[in-house]
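Below you will find the structure I want to go over with you.
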Amino acid sequence: MNIPRSPALLALAALAATPALSNMLVPPGPRTGIANSRLSATPASEWNRLSHTDGKFTEVWTIDGDQLDKVTFFGGVARGKALLREVDRKHHPLPTVKASMLITDIPVLLETTYRIRGARQMTIDTQEPAMLGGHKAIRFTYHFTLDDEVRRKGEGLGALVDGKLYLVTYEAPALHFFDKDVARYRALAASITL
Amino acid sequence: MGQFRIVRGAVAFAALLVCAPLAAQEKTGIKPGFALRPGTARIVLMRPTILVGAQSIGGVNEPNADWTRQARENIALALRQAQANVGNAMVEYDEGASGEGPLATEYAQLFGALADSVIEYQFFAGNRLPTKKRNDSFEWSIGADLGKLRSLAAADYALFITTRDDYGSAGRKVLQMVAAMGGVGLKSGDHTGYAGLVDLRTGELVWLNADRQMGGDVRTAEGASKRVSQLLEGFPGKSSAAVNGAP
């Protein structure tokens with residue numbers, strides 16, 4: 001797909017949106033204010049919090065690097081806002097959180113966002129009711145491929161609370177990496193409070 | 001190509017702009033304590049992942065089927081010539097009657113992602129993941145299931161090769177010169193090469209040589225030979241001089 005902006009401009013935009021320059025250790029134990037929001041969690045084991053994010057409302061944790069395993073917290077995405085940082089708002093605007101959204105719309109929002117951002121074969125596989133931090137939520141699974149041709153699987157748990165979207169996703173290559181850490185992700189997601 | 005990769009590159013570039021120590025990048029990693037004595041192991045050379053394209057004036061990479069075909073032929077030949085000098089028995093991957101070819105290809109693609117992650121989060125010391133900083137660790141794995149493939153049953157190690165080249169267009173080169181005159185550094189072309197050895201008993205990556213600024217024009221036989229020499233530089237079990245063809 002065509003990328004209408006130069007990498008240099010994107011770099012400057014990314015620089016402006018990247019407050020920290022080093023990745024940080026997330027030790028086991030309670031952690032509050034995830035993704036600059038009311039999201040809290042209690043990881044049972046160590047994670048790495050990446051210095052870069054995918055947007056204003058996100059925070060990324062990983063064990064082996066986000067190409068190999070990636071937990072993304074979307075913390076309180078408000079109405080009219082997109083899940084990820086806009087790269088080409090004029091030609092390829094990302095879908096936004098709507099006032100009329102239901103929790104069943106959350107997987108579609110992620111799917112559409114990923115398709116616009118260039119993910120191929122992005123497909124939602126399963127959906128089921130769930131709870132996130134004591135709120136009604138949706139748990140869903142999906143798969144997609146990026147430009148590196150690696151087949152990736154994903155799992156998400158999302159809710160709408162006070163008109164804002166809270167979502168945590170886990171993505172990893174289908175070979176080896178997804179299964180390696182999915183239990184650790186599920187324990188982390190189960191520990192979330194809002 | 002998606003914007004996911006573009007944004008990643010942009011962030012890395014931005015980090016480089018403001019954090020000079022990141023530029024001090026390592027290029028080779030080896031699992032502490034790993035050693036491979038000559039003549040002791042059987043290595044399978046997995047089918048290399050080779051992609052060649054052009055880089056437009058705006059930095060967008062466009063695949064080129066002819067260049068990719070040329071590069072595949074040239075690198076395959078260069079690898080065959082290098083096999084005799086790696087110090088251990090090396091054979092090309094053959095799926096035989098196993099039907100595991102597509103899965104082997106998937107592992108080769110996964111190796112590319114693994115190598116990318118090692119470069120970004122281990123070789124760039126300033127960007128290293130905190131959990132990877134301890135005791136000079138080099139703990140990366142592609143998964144033990146690789147070693148369970150029937151087509152790899154007789155092997156001890158798998159050698160993966162990935163190269164991605166994008167040659168700057170004339171317009172891109174002009175832009176690079178103009179930018180240089182204005183004091184701005186601008187890359188024209190990308191030349192990435194990874195070679196990694198995986199222990200098939202454990203799935204561990206025991207050696208990786210990876211560079212995003214490789215030499216050698218893979219569209220020519222001579223350039224591909226140079227590229228393969230670079231890829232196998234420091235290959236375990238044999239000195240780099242021998243890998244390069246010296247006695």
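The values are calculated or read from the model by the stated rules, or taken from the named source; none is laboratory data. The structure displayed is predicted, hence computed values, not measured ones. All Cβ positions, glycine included, derive from the backbone under ideal geometry; neighbour counts span all protein chains shown. With ligands, DNA and RNA removed, areas are computed over all heavy atoms of the protein, side chains included. Shrake-Rupley method; radii C 1.70, N 1.55, O 1.52, S 1.80 Å.
Taking amide hydrogens as modeled 1.01 Å from N in the peptide plane, which residues meet the under 5 Å criterion relative to B:Glu92, leaving out close sequence neighbours?
B:Leu45
Counting only DSSP beta bridges with both residues in the protein assembly as shown, tell me the antiparallel percent, nearest 5.
85 percent
With θ set to phi - 60°, apply the Karplus curve 6.51 cos²θ - 1.76 cosθ + 1.60 along the stretch B:54-62 and write out the HN-Hα couplings as whole Hz, x wherever there is a Gly or Pro.
Karplus-based 3J(HN,Hα) across the stretch B:54-62 equals 10, 9, 6, 4, x, x, 7, 9, 10 Hz.
Given the C-alpha centroids of the stretch A:125-194 and the stretch B:196-215, what is the distance between them in whole angstrom?
Cα centroid of the stretch A:125-194 versus Cα centroid of the stretch B:196-215: 30 Å apart.
What 222 nm value per residue comes from the helices of the protein assembly as shown, counting each DSSP H run with n ≥ 4 as -39,500 (n - 2.57) and dividing by all residues, nearest 500 deg cm²/dmol?
Rounded to the nearest 500, the figure is -8000 deg cm²/dmol.
Listed here are the pairs A:Lys81/B:Lys133; A:Lys56/B:Lys148; A:Lys90/A:Lys136; A:Lys153/B:Lys132; A:Lys180/B:Lys31; B:Lys148/B:Lys238; which of them are more than 32 Å apart at the Cα?
A:Lys81/B:Lys133; A:Lys56/B:Lys148; A:Lys90/A:Lys136
So what J values fall out for the stretch A:66-72 if you push phi through Karplus, 6.51 cos²θ - 1.76 cosθ + 1.60 with θ = phi - 60°, rounded to Hz, Gly and Pro as x?
6, 6, 10, 7, 8, 9, 10
On the principal axes of its Cα set, how long, how wide and how thick is the stretch A:41-194? Give whole Å, largest value first.
Ordered largest first, the stretch A:41-194 gives principal extents of 37, 37, 31 Å.
Amide H of A:Gly154: which non-local residues (sequence gap of 5 or more, or other chain) have their own amide H closer than 5 Å, using H built in the peptide plane?
Answer set, sorted by chain and number: A:Tyr142, A:His143.
How crowded by other chains is A:172-178, given as the mean number of beta carbons from other chains within 10 Å of each beta carbon?
Shielding by partners across A:172-178 averages 5.
Here is a further query. Amide H neighbours of B:Trp207 under 5 Å, at least 5 residues apart or on other chains, H built in the peptide plane: list them.
Correct list: B:Lys31, B:Leu197.
Here is a follow-up. Provide the buried accessible surface between chains B and A in square angstrom, both chains summed, 1.4 Å probe, rounded to the nearest 100.
3800 Å²
Then there's this: Could you tell me how many cubic angstrom of Cα convex hull volume the protein assembly as shown has per residue?
Taking the convex hull of the Cα positions in the protein assembly as shown, it is 146 Å³ per residue.
For the stretch B:36-174, compute the orientation-averaged projected area of the C-alpha convex hull (one quarter of its surface), in nm².
Over all viewing directions, the stretch B:36-174 projects a mean Cα-hull area of 11.5 nm².
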